[in-house]
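A.B. asks: Here it is, the structure, as structure tokens.
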Amino acid sequence: MKRLLLLVPTTSYRVGDFLAAAQRLGVDVAVGSDQPQVLESHGRTVTVDFLDLEKGVRQIVAYAGRYPLLAIVPTDEETTLLAALASRELGLAHNTPESVEAAGNKFRFRTVLANSGLTVPRFSLYSTGDDPERLADEAGYPGVLKPLAMSASRGVIRVDDRGEFIGAFRRIKGILERHGGRRDSHILAEDYVPGREVALEGLLTGGRLHVLALFDKPDPLEGPFFEETIYVTPSRLSQSEQDAVADTAATAVAALGLTSGPIHGEFRLNGRGVWVIDLAARSIGGLCARALRFGAGMRLEEIILRHALGMPGTIKEREAEAAGVMMIPIPGAGTLRRADGLISARSVTGVEDVSITIPRGQAVVPLPEGSRYLGFIFARGDTPGAVEAALREAHGRLRFTID
């Protein structure tokens, strides 16, 4: 019996939601992860090297020789390129590896968009071996420094003057040396783009973009770090502004060459129009997808799996009710000892759930070095404003002890 292969890092929050979606669809599913799993001898899991892509492809191809595959679905940023390469090798539906690689590398991403005619900030590529004091004299301010491949705003720092540039450059270099691996030895510098920020969740079918949801980000994301907190949908932008975001997203994915599967994009709007901040060949991260429901209660993971398997009726309209999620920020580095106020937070009108995803006793690291949140708050309501208010009130009732 053919099955679907999910590529899931062991640090991912999402494996449970994807497995639940597969079960609802009655799909035979296996999990490919970067650590050995208990059920591997039964063919339900396979260890895959996510860092050595050639080795990872060989492992997936060997697995498919024993258990033929219908599709390969990446769940997180770390697995998108490997999924494209392995799908090409096996003749399965996929984005081209070149398009996925361009979306996942911030310098190539900026270069492609600049050549497509879209509005992009000025940008420069530097090596971590360059002298930051010399570079700081040539830079424009305000600006943003960022690694090329890290997601969730990790290592992204705004700089307003020469001193901040030097400090941020050295800080990002340290992050790359600790977490980036040998291939991550460059830093992108670009002009800071002011404006309101939104996030678009979409699905590509034959190169055509279907907008599944547009989220407002009501908190100002002005730096020095860009920790995302609240997402609320439907967007309160005007219809013409929403159409402009969708048109810009469609132009960007066409320029990159992406044609199939989920995309997640970040955009800013100001007096000069719509700017693409980031665009990934994957769906929204963390547990944020739980804020979305489609049709008669269908979840985003089910839509993604249905699309990968070529099932009819995949595209559904998002429910009419407003919804949102808050990614609970980490207030300081240390060890999480207690999380109090959960019962009170869950009792706020409109709040559906509060999930703390870091166990007590574990280390917590804020941005820009960290890449995780303390947890997630989910709410629904009649209006986006009511949802936002519920998320803020619930968060205000939580207390965290970190030492």
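Taken together, the values in this text are just the output of simple stated rules run on the coordinates, not laboratory data. Keep in mind that what you see is a predicted model, and the values were worked out from it rather than measured. Ideal geometry is used to build each Cβ from the backbone, glycine not excepted, and the neighbour counts take in all protein chains shown.
A.B. asks: Taking just the alpha-carbon atoms of region 273-403, what radius of gyration and Dmax come out, in angstrom?
C.D. replies: Over region 273-403's Cα set, Rg and Dmax evaluate to 16.9, 52 Å.
A.B. asks: Residues with amide H under 5 Å of V46's amide H, sequence separation 5 or more or different chain, H placed in the peptide plane at 1.01 Å from N; which?
C.D. replies: Amide H neighbours of V46: V31, G32, S33.
A.B. asks: Additional query: Which loop GluC sites (Glu not before Pro) in region 291-357, with loop taken from DSSP, have no more than 10 other Cβ atoms within 10 angstrom of their Cβ?
C.D. replies: Numbers: sites: E301, E302, E317, E319, E321, E352; in loops: E317, E319, E321.
The qualifying sites are E317.
A.B. asks: Moving on. In whole Hz, what ³J(HN,Hα) sequence does region 122-135 give by Karplus (6.51, -1.76, 1.60; θ = phi - 60°), x for Gly and Pro?
C.D. replies: Values, residue by residue: 4, 8, 9, 10, 10, 8, 5, x, 6, 7, x, 5, 5, 5 Hz.
A.B. asks: If amide hydrogens are placed 1.01 Å from N in the peptide plane, which non-local residues have theirs closer than 5 Å to the one on L70?
C.D. replies: R3, L4, L5
A.B. asks: In region 303-403, which trypsin sites (Lys or Arg not before Pro) fall in coil by DSSP and have 15 or fewer other Cβ atoms within 10 Å?
C.D. replies: Working: sites: R306, K316, R318, R337, R338, R346, R360, R372, R380, R392, R397, R399; in loops: K316, R360, R372, R397.
When the trypsin sites (Lys or Arg not before Pro) of region 303-403 are filtered for loop state and at most 15 Cβ neighbours within 10 Å, R360 remain.
A.B. asks: Run down the lysines and flag those whose C-alpha is under 30 Å from the C-alpha of K2, throwing out any fewer than 8 positions away in its chain.
C.D. replies: Filter leaves K55, K316.
A.B. asks: OK, next. Which cross-chain or sequence-distant (5 or more) residues have an amide H under 5 Å from the amide H of I277, H modelled 1.01 Å from N in plane?
C.D. replies: Close amide H contacts, sequence-distant or interchain: E266, F267, R268.
A.B. asks: Based only on Cα atoms, what mean projected area does the convex hull of the chain have, in nm²?
C.D. replies: Working: hull surface 78.4 nm².
In nm², the orientation-averaged hull projection of the chain is 19.6.
A.B. asks: Size of the dipole of region 281-336 about the Cα centre, Lys and Arg at +1 and Asp and Glu at -1 on the beta carbon, nothing else charged, in debye to 20? If you can, show how the numbers build up before the last one.
C.D. replies: Details: 7 positive and 5 negative charges, 21 e Å.
Taking the Cα centre of region 281-336 as origin, the dipole is about 100 debye.
A.B. asks: Viscosity 0.692 mPa s, temperature 37 °C: what is the translational diffusion coefficient of region 111-251 from Stokes-Einstein with a Kirkwood Rh over Cα pairs, rounded to a whole number of µm²/s? Let's see the in-between values first.
C.D. replies: Values: Rh = 16.8 Å.
Estimated diffusion coefficient is 195 µm²/s.
A.B. asks: Give a residue-ordered list of calculated ³J(HN,Hα) values for region 152-162 (Karplus: 6.51 cos²θ - 1.76 cosθ + 1.60, θ = phi - 60°; whole Hz; x for Gly, Pro).
C.D. replies: 6, 6, 5, x, 8, 9, 7, 10, 10, 7, 4
A.B. asks: I'd like the per residue volume of the convex hull spanned by the Cα atoms of region 199-239, given in cubic angstrom.
C.D. replies: Details: hull volume 3.9 nm³, N = 41.
Normalising the Cα hull of region 199-239 by residue number yields 95 Å³.
A.B. asks: Grab the eigenvalues of the alpha-carbon gyration tensor for region 219-284, scale each by 5, take roots, and send me the semi-axes largest first in whole angstrom. Intermediate results must be reported in sequence, preceding the final value.
C.D. replies: Working: eigenvalues 81, 50, 32 Å².
The answer is 20, 16, 13 Å, longest axis first.
A.B. asks: Further, regarding this structure: Can you tell me the order of 147-154, 81-88 when each peptide is scored by its average per-residue count of other Cβ atoms within 10 angstrom, highest first? Present the calculation step by step, with values, prior to reporting the outcome.
C.D. replies: Details: 147-154: 20.2, 81-88: 24.5.
The densest-packed peptide leads the list: 81-88, 147-154.
A.B. asks: Among T259, G16, F376, flag the residue with its Cα farthest along the positive direction of the charge dipole of the chain, charges on Cβ as +1 for Lys/Arg and -1 for Asp/Glu.
C.D. replies: G16
A.B. asks: I want to verify the translational diffusion coefficient of region 37-119 in µm²/s; compute it with Stokes-Einstein, Rh as the Kirkwood radius over Cα pairs, at 10 °C and 1.306 mPa s.
C.D. replies: Details: Rh = 14.0 Å.
D, rounded to a whole number, is 113 µm²/s.
A.B. asks: Evaluated at 37 °C with a viscosity of 0.692 mPa s, what Stokes-Einstein diffusion coefficient in µm²/s does region 122-191 have when Rh comes from the Kirkwood expression over alpha-carbon pairs?
C.D. replies: Details: Rh = 11.7 Å.
This corresponds to a translational diffusion coefficient of 280 µm²/s.
A.B. asks: Ranking I356, I172, I230 by Cβ neighbours within 10 Å, fewest first, what do you get? Intermediate values should be presented prior to the final figure.
C.D. replies: Numbers: I356 17, I172 27, I230 20.
By the 10 Å Cβ count, ascending: I356, I230, I172.
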